[in-house]
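A quick write-up on the structure given underneath.
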Amino acid sequence: MKAALAARWTLSRRLLLAIYVIVPLAWLAVIGDLVLFDGGLRRALPESPEELAWFTAFFVLPHILASQFSFYDREYLGAYRLPLLWGVPFVLAGAGLLYVFDAGTAGLIYIAVTMWHVIAQQVGIAGALAGRGSRAFEWWKWLTVVVFTLGLTGVAGTWLAWIGAPLMVATTGLTIGVARVAAPGIGRQYLWATQAMSLSAGLFAEAGYLFFAILVPRVVHDVTGWAFYLTHDHNRNLDTPRNVLYRAFAFSRLPVPVVVLVLAIAVNVSMDRSLGRAFEPVILAVSLFHYFTESFMWRRSSIHRRYVAFSA
């Protein structure tokens, strides 16, 4: 165990694909509920898993906090100085504007941005693993992002109900085209798994299982994010803790990935219990900052990418 922790980690493609096991598991739950309980589970579940306290203790905000721990590093602040200088005021202003909007408008905008971010991450990884060398991939990527976002936010209303099925058929057809030129093996399988997740979320929502429509992409997104952040932070601080935050916890002698997990969850729970209504603007600011930094921190030439390599 110690030897494994002392070695440089790689991000397994098989691990990233395995995260999608939540899709068939959700289908088993839905089909079992319809066949055995006549929809009893659907009536008992809340509309969103985020209404469950235990779920929000481990999902949603913790992985966002973990993604920002890596910025407690002087070299990283220098590397990202320009985007951070204009981005931080922009994010704070955006969070402030959302907070003063009426709850319905602010909530809709926030959910739309979040859903866009969630699916954009997965189609982006699908492109990295399967290859982007086709126009069909670009069409599939953007159509999937738009349809997924509109579907789970309800922005399109009854309009989407009329064209939802044709759009699902279109994205599936594009997936077939992309798969033909995609890298064989895990890359191609990841592409289809991402398409299956998107289709499943739409079908769950249409069948009244909004809980699973939100749960599936949320689990896939968060666990995938954790895989990247833990791998990066472990490798970056492998020999010597370069991160101020991890140096402060060096006395614990805990491995950096354990510190990241425990600290992110503890900060999330602590803020939730102590900030009261002030927790809402904090969530807005921290989430928007996360969405902003994710737009540049994982680019091919970024300093983050130096510490994350893929393996079979």
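The values are calculated or read from the model by the stated rules, or taken from the named source; none is laboratory data. Predicted model, so just to flag it, every value in this text is computed and none were measured. Don't worry about glycine lacking a Cβ; one is built from the backbone with ideal geometry, like all the others, and counts go over all protein chains shown.
If we keep just the residues of the range 179-205 that are within 18 Å of V169 (Cα to Cα) and free of Cβ contacts under 8 Å to residues at least 12 places away in the same chain, which is surrounded by the fewest Cβ atoms within 10 Å (Cβ to Cβ)?
R180
Could you look through the range 30-61, keep only residues that are more than 30 Å from A266 (Cα to Cα) and buried (at least 17 other Cβ atoms within 10 Å of the Cβ), and pick out the one that is nearest to the chain's Cα centre (by Cα)?
Result: V30.
Report whether or not T240 is buried (at least 19 other Cβ atoms within 10 Å of the Cβ) and more than 30 Å from L45 (Cα to Cα).
no
Does at least one position in the range 81-97 carry a residue that is in contact with a helix residue (DSSP H, G or I) (Cβ under 7 Å, 6 or more places away or on another chain), β-branched (V, I, T) and under 27 Å from R13 (Cβ atoms)?
Within the range 81-97, not a single residue is in contact with a helix residue (DSSP H, G or I) (Cβ under 7 Å, 6 or more places away or on another chain), β-branched (V, I, T) and under 27 Å from R13 (Cβ atoms).
Condition first: touching a Pro at 6+ places or on another chain (Cβ under 8 Å) and more than 25 Å from F310 (Cβ to Cβ). Can you find one or more residues in the range 219-233 that meet it?
no
Restricting to the range 110-139, name every residue that is more than 26 Å from G208 (Cα to Cα) and at pLDDT 80 or above.
G124, I125, A126, G127, A128, L129, A130, R135, A136, F137, E138, W139, listed by residue number.
Conditions: (1) under 18 Å from Q68 (Cα atoms); (2) assigned to a helix (DSSP H, G or I). F296 meets all but one. Number of the miss?
Against the list (1) under 18 Å from Q68 (Cα atoms); (2) assigned to a helix (DSSP H, G or I), F296 comes up short only on (2).
Looking only at the range 225-261, count how many residues are of a type outside the set (D, E, K, R) and outside any helix (DSSP H, G or I). Let's see the steps before the verdict.
Within the range 225-261, the subset of a type outside the set (D, E, K, R) is 225-232, 234-235, 237-238, 240-241, 243-246, 248-252, 254-261.
Adding the requirement that they be outside any helix (DSSP H, G or I) leaves 237-238, 240-241, 243, 249, 254-255.
Counting residues in the range 225-261 that are of a type outside the set (D, E, K, R) and outside any helix (DSSP H, G or I) gives 8.
Taking the criterion of being in contact with a helix residue (DSSP H, G or I) (Cβ under 6 Å, 6 or more places away or on another chain), surrounded by 19 or more Cβ atoms within 10 Å (Cβ to Cβ) and farther than 20 Å from I19 by Cα, would at least one residue in the range 218-226 satisfy it?
No - not one qualifying residue is present in the range 218-226.
Output the number of the condition that F296 fails; it satisfies all remaining conditions of (1) out of contact with any helix residue (DSSP H, G or I) (no Cβ under 6 Å at 6 or more places or on another chain); (2) under 30 Å from R188 (Cα atoms); (3) surrounded by 14 or more Cβ atoms within 10 Å (Cβ to Cβ).
Of the numbered conditions (1) out of contact with any helix residue (DSSP H, G or I) (no Cβ under 6 Å at 6 or more places or on another chain); (2) under 30 Å from R188 (Cα atoms); (3) surrounded by 14 or more Cβ atoms within 10 Å (Cβ to Cβ), the odd one out for F296 is (1).
When you scan the range 206-224, how many residues do you find that are farther than 19 Å from W54 by Cα and either in contact (Cβ under 8 Å) with a residue 60 or more places away in the chain or in a loop (DSSP other than H, G, I, E, B) (or both)?
The number of residues fulfilling the criteria is 4.
Would you mind stating whether F279 is among the aromatic types (F, W, Y), buried (at least 18 other Cβ atoms within 10 Å of the Cβ) and part of a helix (DSSP H, G or I)? If you could, list the steps in order and put the result at the bottom.
Numbers: among the aromatic types (F, W, Y): yes; buried (at least 18 other Cβ atoms within 10 Å of the Cβ): no; part of a helix (DSSP H, G or I): yes.
No; evaluated as a whole, the condition is false for this residue.
Quick one: which helices (runs of 4 or more DSSP H) sit completely within the range 1-95 and have at least 2 residues that are among the β-branched types (V, I, T) and over 19 Å from H234 (Cβ atoms)?
The helices (runs of 4 or more DSSP H) meeting that bar are 22-36.
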